[in-house]
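Let me begin by presenting the structure, written as structure tokens, before commenting on it.
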Amino acid sequence: MSSTLDALNRWVDDVARLTRPARIHWCDGSDAENAALVAQMEADGTLVRLNESTHPRSWLHRSHPEDVARVEHLTFVCTPHQDDAGPNNHWMAPAEAHARIDALFEGCMEGRTLYVIPYCMGPIDSPLSRCGVEITDSPYVVANMRIMTRMGAAALTRIEREGTFVKGLHSTGELDPERRYIMHFPEELTIKSYGSGYGGNALLGKKCHALRIASHQARREGWLAEHMLILGVENPQGETHYIAAAFPSACGKTNLAMLIPPEGYREAGWKVWTIGDDICWMRPGEDGRFYAINPEAGFFGVAPGTSAKSNPNALASVQSDTVFTNVGLTADRQPWWEGIDNGQVPAIDWQGQPYDPAVRPAAHPNSRFTVSAMRCPSYSPMAEDPRGVPISAIVFGGRRASLVPLVFQARDWTHGVLVGASMGSETTAAATGAVGVMRRDPMAMKPFCGYNFADYFAHWLSFDRPGARLPAIFHVNWFRKGDDGKFLWPGFGDNLRVLEWIIGRVAGHAQATETPIGHLPAPGALNLDGLSLDAEAMDKLFGVDRDGWRAEFDAIAGYLADYGPRMPPQLEAERQRTHSRLVGTGDT
Ligand code: GTP
Ligand code: SPV
Ligand code: MN
């Protein structure tokens, strides 16, 4: 046996001694294995079978009502020095963190099965991919990891060949929010998660591995692990530009990744191809361009708001072979959520009670679907290409009711890094805590960067070097509101109008107006044909409120300063350049 498999076996033995499971099951990822697990979960009520004629091979899982989202206050990055985790992370010394969480793991799998899940993040034959092994006592986690990753025998073979893997230990424990931790040990390539069975807390390949641990590895190895969707925009000439976009949780990544062009665009021959909807790993190739893969194999998408109008590709994807979590049900056991807009009505809410709108919504606001990317009609064959796709543009975006216009382009890479570093967004139901509170969420990585943001920004800046052919950087805001509190921009499919301007900028033909915050579309440069935007909308979507931006850039100064001398000085210098443009003392 290879020394890697030896090490893996030793770790499984150690964990079994600590957690004392009744049995151990090594997952091979086969259909037969999945069928047996699903049957067991149906029998014990973990999964509810949906209407087999409308939604074949699909299931509903209801999580514990106090376990419905990521828990940022219980998520720790445990580096030997606190400074390496940075003010952006909760920190605990590694020895203390191990001791605390191992005490919870003690005997926690008694009477249960311990599952060993070898998985690969990214196409199994891609040099950009990385492997891990998750140990869990949750069959629901196994079923989800099977959809979200390349799981099983092929991953184990790659692990044996490579000699390295990320270790993730997970138990649902008692699902008690008082006995819950999500701990990361980047130096040890180790994750330990206890007390939650939900999404990013429990599917350890996703946020824990592919972002927190991978971002740490990426810094060491010269690449980027980002909270970004990846899509391809094919123009009527048949040229495809690939775009990576970072929006915070529940701020539109899945929807943009699966965009269906508005009718006029469709007729003209525009197409959008989906590569990934949540995570992007990218590195400079030999030609100096960034090449990106989607490390995931499925989508863990937000259900509410998904309709045949807003996201037909997502809706088509979830017609079969889907696991739904915390959605409502119709009387004939079809999944239902707010905004599905299909003429049906809910009978049962996400807690399994008769639906009463006065009590709670039918679907939890953070209810989700888990489905294979292969089921998505717009899934690009290039998503399986081991080389990745070349990235033309990077787009940052937040949920901003005020101030931030529809789209602007950064002047250059350093300015673009500042645009990403100073991003703000209103909080959503994807994490526990208040919703709708504006906070800084640099590069949409606030909850996910596995090291000090100051070092992270320096890492971003370091890609601007001789020979680099860097993507152009943009900022978008689909969520600007009018005085009546309604969204001013139609969004969804119409976001292609913005993407068209973005790739026009990259190709060098779309016109822009220079402003202190960056380049905005010149009047008439962004196609608004067929839309009826009133004067308020035009003004707010395409204007720069100098006073508002001055206040914003003052606040950003304070934010950057909080990181102390570790913050790269180029960012503060760039901030001052923008600020002086805003007060009118700079060039423009
Ligand atoms: P995570 O999976 O949590 O990372 O979320 P995400 O970034 O993939 O967000 P998603 O695409 O699932 O969208 C979240 C919510 O925003 C859904 O309710 C969508 O309907 C809504 N949304 C997405 N795009 C738009 C848009 O262009 N305009 C408006 N108004 N809402 C949008
Ligand atoms: C997010 O919150 O950004 C998600 C869902 O994509 S979770 O997997 O729970 O992190
Ligand atoms: Mn996400």
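The values are calculated or read from the model by the stated rules, or taken from the named source; none is laboratory data. Note that the structure is predicted; figures quoted are calculated from it, not measured. Glycine also receives a Cβ, built like all others from the backbone with ideal geometry; neighbour counts cover every protein chain displayed. Accessible surface areas use protein heavy atoms only, side chains included; no ligands, DNA or RNA. Shrake-Rupley method; radii C 1.70, N 1.55, O 1.52, S 1.80 Å.
The table for this structure:
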read-out	value
Of the criteria (1) open to solvent by 10 Å² or more (accessible area, probe 1.4 Å); (2) of a type in the set (A, V, I, L, M, F, W, C); (3) without any contact (Cβ under 8 Å) to a residue 40 or more places away in the chain, which one CYS131 fails	(1)
Number of positions in the range 103-126 that are surrounded by 17 or more Cβ atoms within 10 Å (Cβ to Cβ) and of a type in the set (Gly, Ala, Ser)	2
Hits in the range 361-372 - residues which are in contact with a helix residue (DSSP H, G or I) (Cβ under 7 Å, 6 or more places away or on another chain) and open to solvent by less than 20 Å² (accessible area, probe 1.4 Å)	THR370, VAL371
The range 192-208 residues that are not assigned by TED's automatic domain parsing to the domain that holds THR149, paired with ones that are more than 7 Å from ligand 2 (Cβ to nearest atom) and open to solvent by 10 Å² or more (accessible area, probe 1.4 Å) (beta carbon under 8 Å, 6 or more apart)	none
In the range 394-406, the residues that are open to solvent by less than 10 Å² (accessible area, probe 1.4 Å) and within 18 Å of the chain's Cα centre (by Cα)	ILE394, VAL395, PHE396, GLY397, GLY398
PRO565 vs. criteria exposed (fewer than 12 other Cβ atoms within 10 Å of the Cβ) and in contact with a strand residue (DSSP E or B) (Cβ under 9 Å, 6 or more places away or on another chain)	no
Within the range 220-250, tally of residues that are more than 16 Å from ligand 2 (Cβ to nearest atom), open to solvent by 10 Å² or more (accessible area, probe 1.4 Å) and out of contact with any Pro (no Cβ under 7 Å at 6 or more places or on another chain)	11
Residue check, MET423 on the phi > 0 side of the Ramachandran plot, under 19 Å from the mean Cα position of the chain (by Cα) and open to solvent by less than 10 Å² (accessible area, probe 1.4 Å)	no
Tally of residues being touching a Leu at 6+ places or on another chain (Cβ under 9 Å) and surrounded by fewer than 22 Cβ atoms within 10 Å (Cβ to Cβ) across the range 377-390	3
Positions within the range 316-335 being touching a Lys or Arg at 6+ places or on another chain (Cβ under 7 Å), small (Gly, Ala, Ser) and surrounded by 24 or more Cβ atoms within 10 Å (Cβ to Cβ), in sequence order	SER317
Any pair with Cβ under 8 angstrom, 6 or more apart, that starts in the range 321-347 at a residue that is on the phi < 0 side of the Ramachandran plot and ends at one that is among the charged types (D, E, K, R) and part of a strand (DSSP E or B)	PHE324/ARG368; THR325/ARG368
In the range 261-315, the residues that are part of a strand (DSSP E or B), within 16 Å of ligand 3 (Cβ to nearest atom) and open to solvent by 20 Å² or more (accessible area, probe 1.4 Å)	VAL302
Those residues of the range 443-468 which are in contact with a Leu (Cβ under 6 Å, 6 or more places away or on another chain) and of a type in the set (Lys, Arg), in sequence order	none
Members of the range 444-471 that are away from ligand 3 (no atom under 16 Å from the Cβ) and either open to solvent by less than 10 Å² (accessible area, probe 1.4 Å) or outside the structural domain of ALA507 (by TED's automatic domain parsing) (or both)	TYR451, ASN452, PHE453, ALA454, TYR456, PHE457, TRP460, PHE463, PRO471
Unique match (being of a type in the set (S, T, N, Q) and open to solvent by 60 Å² or more (accessible area, probe 1.4 Å)) among GLN344, GLN409	GLN344
Top-ranked residue in the range 220-243 [being assigned to a loop (DSSP other than H, G, I, E, B) and either within 16 Å of ligand 3 (Cβ to nearest atom) or in contact with a helix residue (DSSP H, G or I) (Cβ under 6 Å, 6 or more places away or on another chain) (or both); ranked as farthest from ALA393 (Cα to Cα)]	PRO236
Complete set of residues in the range 369-396 that are touching a Gly at 6+ places or on another chain (Cβ under 7 Å) and either of a type in the set (Phe, Trp, Tyr) or farther than 18 Å from ARG289 by Cβ (or both)	PHE369, THR370, VAL371, SER372, ALA373, PHE396
Residue match in the range 249-270 (condition: among the hydroxyl-bearing types (Ser, Thr, Tyr), farther than 29 Å from ARG150 by Cβ, modelled with pLDDT of 95 or more and within 16 Å of ligand 1 (Cβ to nearest atom))	yes
